[in-house]
Each structure stands twice: as structure tokens, then as C-alpha cells.
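The values are calculated or read from the model by the stated rules, or taken from the named source; none is laboratory data. Keep in mind it's a predicted model, so treat the numbers as computed, not measured. Note that each Cβ is placed from the backbone with ideal geometry, even for glycine, and that neighbours are counted across all protein chains shown.
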Amino acid sequence: MDANDTRPSDELASRPRVVVGVDGSAGSRSALGYAMRAAVQRGADLDVVSSYAPDLYWMGGAPVAIPDMGSVRDDIEKRVLDMIGDVRSDVEMPPGTDTPPFRTNLILSPEPPAAELLRRSRDGDLLVVGSRGRGAVRSALLGSVALHCVTHAPCPVVVVHPTVGEPGGTPRVVVGVDGSDAARAAFAAAIDEAVQRNSELDVVATYAVVDYWTDLYSVVIPSVDEIRSDARRAAEEQVTSVLQERPMGSAAPVVRIEAVEGAASDVLVERARGADLLVVGSRGRGAVRALLLGSVALHCAMHAPGAVMVVHPQRSGPAKTQEAADHAQP
């Protein structure tokens with residue numbers, strides 16, 4: 001698409017890229033709308049990826065074996081182009097803009113969707129997926145493609161639920177911090193997201209008081225107030241550190257810091273109600289930190305009422321390249 005773009009090739013190559021997967025489901029339609037808005041906010045171009053792997057293509061009903069995959073590809077191309085046109089008409093463009101400020105690249109692939117999306121995300125700045133698609137278990141809270149992408153993609157991944165709409169009231173981004181490298185990366189990404197949206201940023205640190213099945217825990221030192229103060233102080237130190245690392249003169253949002261008692265997964269989902277975006281690190285300081293996707297990130301991606309961005313700590317060099325290549329295999 002947009003083959004007549006007249007901008008210099010070096011300008012196109014230097015622009016950020018947003019990658020989004022579509023499969024005809026309600027979730028992927030919401031994901032496409034989110035991805036278009038993200039492309040506008042970031043000044044990015046948009047890669048729209050759809051798979052026509054033999055057992056996954058969509059034609060309005062259950063998958064069936066059709067030998068003429070060329071016809072299937074052509075049908076999916078038409079459907080995706082129609083969806084792009086419909087969704088684009090609902091996306092608010094910058095004032096005075098007659099045409100979208102992003103270039104759309106349609107990619108139809110015979111590969112399984114997760115593998116193709118991971119491949120495309122290697123050089124992408126953001127990957128957007130629906131929470132669940134047209135797979136065999138569409139009632140699952142998080143589909144296999146979304147789960148695979150948030151676990152293995154090298155760039156930040158946004159999971160969009162089909163019920164997500166335009167948040168009302170003051171624009172707001174929520175991010176969870178816990179002192180880990182993943183939370184630090186999540187906060188840095190949340191700052192950029194808040195600046196792009198001209199929104200406020202709510203930083204949430206959680207703490208818990210252990211219940212030992214006895215009344216004695218209520219008088220154990222440190223007190224609840226001290227635990228709360230320590231959690232807030234640690235969050236403030238991490239916030240200050242990340243903000244100081246930003247380039248001189250960079251825009252910064254209004255930041256509010258809150259320490260809340262409770263399980264991080266439940267608190268973040270609750271605080272995300274009415275927000276534009278919830279940002280979480282891929283794994284935090286939990287008991288099994290070696291997991292590629294922590295329990296908090298997974299819970300938020302499954303249960304948050306709106307869009308959830310999962311951010312991995314910075315990975316670079318040959319290890320990152322090889323890891324992405326390994327996980328992109330079908």
C-alpha cells in the first residue's frame with residue numbers, strides 16, 4: 001500500500017515502525033485502531049500483518065481445507081484492506097491533515113501469525129496485538145498469539161482487548177514499579193507514552209503485610225506505615241533516577257506516585273480503570289524472576305480493562321538478535 005509515497009528512502013528508513021497483527025476478529029480490529037493512533041502519536045509508519053497459514057485463514061466461518069491458497073490470500077487481502085479503510089476513517093488525524101501521516105505496509109504471510117509478528121517486530125518500535133483472535137480457544141482471556149508475542153518480542157508489546165474504547169476524562173497512563181530492571185524499563189516507556197498522549201502519569205508501587213495466622217504479626221517491626229513509606233521512597237528514587245537520565249530539555253509528564261497495599265496484579269488492574277494505557281515490566285521481583293513473562297505482567301495482560309503495554313528490560317547485541325531469531329521459528 002501507499003506505493004506512491006514520494007518521501008526519500010532514507011527518511012522512510014529512519015521513521016519509527018508500529019507492527020500490528022490482524023485476523024478479522026473483534027480483538028484485531030481494536031488492535032488496528034490502537035496501532036493507527038500510536039502511529040500518529042509517534043510519527044511512525046504502520047506494518048499491518050495478516051497470516052493465511054492453511055489452518056488459520058478466516059472466511060466468515062470455521063477453518064476448512066481449501067487447496068487454492070492463492071484465492072484465500074486474495075480474499076484475505078481484500079478483507080484486510082476493507083478493515084484498514086473502515087478503521088482509518090474512525091481514527092482522529094492531526095488538524096489540517098487530509099491524508100494519514102503514516103505509511104501503511106500490508107504484509108500477507110503464509111507463516112503462522114506469531115512467528116511472522118515476531119520476525120517483523122525485530123526492527124519495530126512497537127508491536128500491537130489483540131488479546132485473542134480466531135484460534136481454537138477464542139474464549140481464553142489471552143490468546144496463544146498474544147501470549148507468545150508478549151513473552152518473546154524484543155520490542156514493547158501492547159495487548160488490546162476488544163472492549164477497549166476511547167478513555168474519557170483526563171488522559172492518563174498507569175505504570176507499576178518495584179525497583180527491578182523490568183520496572184525501570186517500563187517506567188521509561190511509560191514516560192514516552194504519556195508525553196505522546198499529553199497525559200498524566202500515575203506511578204504505582206505496591207506492598208504487602210504478611211499474615212502469619214496469628215495476631216502477633218500486627219505488632220511486628222517494621223510497622224505498616226514504615227513499609228508503606230519504604231515502598232514510596234523506593235519508587236520515588238527510581239522515578240527520579242530515570243527522569244534524570246532523559247536528555248536535557250526533554251518533555252516530561254505530570255507524575256503522581258502512590259504506594260498501595262495489596263497484590264501488584266490486582267492493584268494495577270484496578271488502577272488502570274479509565275486509563276489510556278497500563279504499562280508493566282515483563283517480570284519483576286517475584287519468586288520466579290527467570291520466567292520470560294512474570295505473573296503480574298500476565299495477569300494484567302489478561303484482566304486489565306484497557307490496553308496493556310508489556311516492556312522487557314533493554315536487550316542488545318548478538319544475544320538479543322539470536323534470541324529473537326530462535327523464538328521466531330514456527
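Observations on the structure shown:
- Among the conditions (1) surrounded by 14 or more Cβ atoms within 10 Å (Cβ to Cβ); (2) part of a helix (DSSP H, G or I); (3) modelled with pLDDT under 90, G133 misses just one, which is (2).
- Restricting attention to region 11-33, the residues that are at pLDDT below 90 and part of a strand (DSSP E or B) total 0.
- Test result for V159, of a type in the set (V, I, T), at pLDDT 95 or above and in contact with a Ser or Thr (Cβ under 7 Å, 6 or more places away or on another chain): yes
- Some residue of region 229-245 being modelled with pLDDT of 90 or more and either outside the structural domain of G294 (by TED's automatic domain parsing) or in contact with a Ser or Thr (Cβ under 8 Å, 6 or more places away or on another chain) (or both): yes
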